[in-house]
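Colleague: Dropping the structure in here first, questions after.
Quick note: the coordinates plus some simple rules give every number you see, no bench work behind them. Predicted, not measured: the structure shown is a model, and the values here were computed from it.
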């Protein structure tokens, strides 16, 4: 279970490291859906070997061991930042103002 103070910081543009039972995954949060209800999820995107990789994590999943917030966005104007899929890593960092 993810603590409440960490849940408030998981928002679009934040760089997070999610530790689950299989391993760690570090990337940018693209979206957070369904608030705090049972089916709530957040999507994390990373570029691994020049290929975009996304994982969708349920907030209430028992498989999540720890979520670490590495940096928060300066300013993101949208709740869902799916437009980062089309941008390079360098351009996406500049667009959202975070070291991703």
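Colleague: How high is the relative contact order of the chain? Use alpha-carbon pairs under 8 Å, at least six apart in sequence, and give a whole percent.
Modeller: For the chain, the relative contact order is 33 percent.
Colleague: OK, next. In whole angstrom, how far apart do the alpha carbon centroids of segment 66-83 and segment 1-55 sit?
Modeller: 9
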